[in-house]
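Here, each number is a calculation from the coordinates, and none is a lab measurement. What you see is a predicted model; the values in this text were computed from it and never measured. Positions of Cβ are generated from backbone atoms using ideal geometry, with glycine treated the same way; all protein chains shown enter the neighbour counts.
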Amino acid sequence: MTTKERLLQLFESNKGNYLSGEEIAEQLCVSRTAVWKAVNSLRDQGYAIDAVTNKGYCLSAKTDILSPQGIQKYLEPEWGKLDISVLLTVDSTNALVREKANSGLAEGYTVIANEQTAGRGRYGRKFFSPYGTGVYLSMLLRPFHYSASQAVRITTMAAVAMCEAIEETTGEKAWIKWVNDIYVRGKKVCGILTEASFGLESGLLEYAVLGLGLNVYPPQKGFPKELDGIAGPVLESAQDDMKNRLAAAFLNRFMRYYKAQNQTEYIEKYRSYCFVIGKRISVISGRQTRSAYACGIDDGCRLQVRYDDGEMESLSYGEITMKLTKGDLL
């Protein structure tokens, strides 16, 4: 770990408090000059660090910049050693983690970007990932003995974890649109994409890459026309350290569900968050669209639907649409 990284870790642990240059140098076992250089380097990255004679340096409590150190201080002890990397910009966090997975990297490796230039959603769609206003995260998972039908658990666990993270950190009510979209105040704020590699002989999952894109704040130039009225942010204005807090809250919740022996708890929560149950929907399959009634979610998180002709089906994947009314997501 570099002097700058260790200094940021120290600042994050003492956010809002002054530390003298001498105290910092002693704790980091470096010279006062090295401290001064590291402070200036952090300032160049956008960190608001005050310097006051006879008091020292202080990282402003209002700083809201993603960093491994900023996330780790909010992680529960059992997840505190997750290998987290934060990048300014990347083409796709999922693509980057897939490369690492194929090279044999261990489970838990997590990449978080401030911007994606080629972010992807389901069915190859482009995912809008502007700089500085969102959290774009991908995690490498190597679950034991998961079949293709069980892989959907990863997406649905993540959906519940994100709803809880949003509610825990912001107080906003979150909802799930089956199977992988998170809504706040009637707008989509988060999409989840899980990609997996399976063994040809075993048919079991070798690894999975869990990816998500979260709109924390409104984009500086607004959402593109095609997303107008569909996408929205969790919050309308910046809050202290919110992006680090949201990322950590999600990781805490997700890892708890992922490592649990009994996973029925999260399934019940998924049902409670899923706003499509009991509603009229349209099921899209290829070029065909069929009107249906969403009856419920089974224990495999499949959507149980009844078509207008009376046919019943349990959907493991697919796309649905519905018209939202004002009272649907209150």
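Quick one: angle between helix 93-102 and the longest Cα principal axis of the chain, in degrees between 0 and 90, rounded to 10, please. Tilt of helix 93-102: around 90 degrees.
Over the chain, DSSP H runs of length four or greater, each weighted -39,500 (n - 2.57), average out per residue to a 222 nm ellipticity of -9000 deg cm²/dmol.
How many angstrom separate the Cα center of region 257-323 from the Cα center of region 133-212? Each part reduced to its Cα centre gives a spacing of 16 Å. When the C-alpha to C-alpha distance is required to be over 29 Å, the pairs from 225/259; 37/73; 37/126; 15/37; 259/279 that qualify are 225/259; 37/126; 259/279. The relative contact order of the chain, computed from alpha carbon pairs under 8 Å that lie at least 6 residues apart in sequence, is 15 percent. Expressed as a fraction of 2.2 N^0.38 Å, the C-alpha radius of gyration for region 3-59 is 0.96.
In plain terms, the residue of 100, 188 with the fewest other Cβ atoms within 10 Å comes first and the most crowded comes last, giving 188, 100.
P(r) for region 1-106, from all Cα pairs and a bin width of 5 Å, is 2, 11, 20, 20, 17, 13, 8, 6, 2, 1, 0 %, short bins first. With 5 Å bins beginning at zero, the pair-distance distribution over Cα atoms of region 280-321 amounts to 6, 26, 36, 24, 7, 1 %. The angle between the Cα long axis of helix 32-44 and the main principal axis of the chain comes to about 40°, on a 0 to 90 degree scale.
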